[in-house]
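Down below is the structure, laid out as structure tokens.
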Amino acid sequence: MTKEYAIEVNHLTKRFGKKIAVDDVSFNVKQGEVFGLLGPNGAGKTTTLRMMTTLLKANQGSVQIFGHDTVKEGRLARSMFGLTGQYASVDEDISARENLLIFSRLNGLSRAASKQRATELLQEFSLVESADKALKDFSGGMRRRLDLAVSLITRPALIFLDEPTTGLDPRTRTQMWATIRDLVAQGSTIVLTTQYLDEADQLADRIAVIDHGQLVKIGTPAELKQQVGGTTLNFTVDQTGQVAAAVKLVAAQLKATVKRTGQQLSVTLNQVSQLTPILTALQQAKIAISHLTVQEPSLDDVFMDLTVGKN
Amino acid sequence: MDVQTHRGNLITNTATMAYRNLLKTIHNPDRFMDVIIQPVMFMLMFGYLFGGAIAGGVQAYLPTIVPGILIQTMLSAASGSGSQIREDLDSGVFDRFKSLPMAHIAPLAGQLFADILRLLIAAVASLATGYAMGWRPTAGFGWVIVSGLLAIFTGWALSWIFALLGLMAKNATMVQSFSMITMMVLSFMSNAFIPIKTLPKFMQVIANLNPVTYVITAIRQILATGSWTHEAVLVLIFGIGIVIVFAPLTVWAYNHNN
């Protein structure tokens, strides 16, 4: 029970019949960080999240939220976080304001406090104009905003977001990211699941990669990328006759294998500072090059490297 | 946490959930259409079609058919609870209810209390159509209300059974078709529309075993005699018995529905 951790997950296991959906997963989430659960579809992200948020009983293992066991102290643990589910977890048949009012009341706010909080949140999430409209007329983005607003009624220190931007257009997604960053700036701890690598890269301080129910890797985006390998240098040799010479020259400089595809060469750099000597040597040998790119490994590479996926 | 909260208790949580269900209905009045249209339609059709054949005239048939359709409507209104609970459970919003620090049973209880309004509207629609067709019970208005309340209570007790069904079933469609069949069999194989003695022997046995027959008889007696009869007491006890047995079962099924 360390105070430093917002969540402690220990040996969490969930079986559906014979299928093991989550297999002995353990990790800790520090206070104030954004923790990303990344994995392909069906990897066990949502199942893990559902166990963390008391919606699903684990077969084995335990989850502690700010030191409170989610099974033994379920109600106390539930009072400490807000949850925004994968599917709109708001009431479709009633208005935005009514949703906020009802969920405020269910969260234990008094009638007057509920009214006030609903008004505050409608303003905060720019929903004032549509406050009394039926949710059927809401866009996907508005619905997600309302969904998030409902999760924030009690200003929880911990917020779970299950695929917060799935199905949103790029603009709304950027808005959602900004909202999430605001929450972080206010000191909230956030756990989010996503299948989008750029989202994890943009938002998460640490990422747990889950595949086939198992925790494959955990670390900062930079650490994960480093694992896959260093920076890649790509360029094209302008004249076909000079390609062989260029390969020889670069190989000699770096003492590494150069990959050749037609006139295109690519080689892995250990350090970016190795770039200058190569370019100087090429210039001295009068080999003209173009389309030069230096590529950091992306989380895509990490993802492909670490996960097998369903198919 | 700088938002002032107190631990919600069962009663306030249930009241909030009942309020939510009422709001849902206010925004979608079509949710009431089935329990209004069905009794009106049945009353008109059966009354004018069979009145002459069964009782020698529409007016003479009304004291038979009004309580019959009243109870038939209660049955179908109660069966609606089951499919609504299933639909609710299948929607994302239930995950949020479960993740809140509230009384666990409140969503279920809220639904069942809000359904009383549905039953009330159904009862009024049945009785008002009868009145419009010329039905004038001798017992007077007070006893009409008493019989209406007994019908609503019976319907509410039955809604616990349908709620249990809703929790156990795989999807709302399944609940709906099962409820439809139950409703048809129970209401037609009873004394709701015809005198039992006109039935073949084996059907008489079934109709006499059918609990719906007892409820309808009790209501007819209240309306005919203007008194709280022995049968009415039995129906009330029967209703209470259903709640005592099925409420805990439903709650248990709800708690184990994951």
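The values are calculated or read from the model by the stated rules, or taken from the named source; none is laboratory data. Small disclaimer: the values here were computed from a predicted structure and weren't measured. Because the Cβ atoms are built from the backbone with ideal geometry, glycine has one as well, and the counts that use them run over all protein chains shown.
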Of all residues being β-branched (Val, Ile, Thr) and more than 20 Å from residue B:153 (Cα to Cα) in segment B:202-226, which is nearest to the chain's Cα centre (by Cα)? Just the residue, please.
B:206
If you take the residues in segment A:173-197 that are within 12 Å of residue A:159 (Cα to Cα) and hydrophobic (A, V, I, L, M, F, W, C), which one is surrounded by the fewest Cβ atoms within 10 Å (Cβ to Cβ)?
A:184
What pairs come up if the first residue lies in segment A:132-159 and is in the same structural domain as residue A:103 (by TED's automatic domain parsing), the second is assigned to a helix (DSSP H, G or I) and acidic (Asp, Glu), and their beta carbons are under 8 Å apart, counting only those six or more places apart or on different chains?
A:149/A:124
Does segment A:104-117 contain any residue that is at pLDDT below 90, among the small types (Gly, Ala, Ser) and more than 13 Å from residue A:160 (Cβ to Cβ)?
yes
Selection count where residues are facing chain B (nearest Cβ under 8 Å), under 30 Å from residue A:130 (Cβ atoms) and free of Cβ contacts under 8 Å to residues at least 40 places away in the same chain, scope segment A:51-99
4
Pairs under 8 Å by beta carbon, first residue on the phi > 0 side of the Ramachandran plot in segment A:267-296, partner surrounded by 11 or more Cβ atoms within 10 Å (Cβ to Cβ), six or more apart or different chains?
A:291/A:234; A:291/A:235; A:291/A:236; A:291/A:264
Pairs, please: C-beta under 7 Å, at least 6 apart or cross-chain, first residue under 15 Å from residue A:298 (Cβ atoms) and in segment A:218-241, second of a type in the set (Phe, Trp, Tyr) and not in a loop (DSSP other than H, G, I, E, B)?
none
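Tell me, yes or no, whether segment B:106-120 has at least one residue that is basic (Lys, Arg) and surrounded by fewer than 23 Cβ atoms within 10 Å (Cβ to Cβ).
no
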Please determine whether any residue of segment B:182-201 is crowded, with 16+ Cβ neighbours inside 10 Å, at pLDDT below 95, closer than 30 Å to residue B:252 by Cα and more than 18 Å from the chain's Cα centre (by Cα).
no
For segment A:251-264, how many residues meet the condition of being at pLDDT below 85 and touching a strand residue (DSSP E or B) at 6+ places or on another chain (Cβ under 9 Å)?
8
Count of segment A:70-110 residues which are under 20 Å from residue A:51 (Cα atoms), among the hydroxyl-bearing types (Ser, Thr, Tyr) and crowded, with 20+ Cβ neighbours inside 10 Å:
4
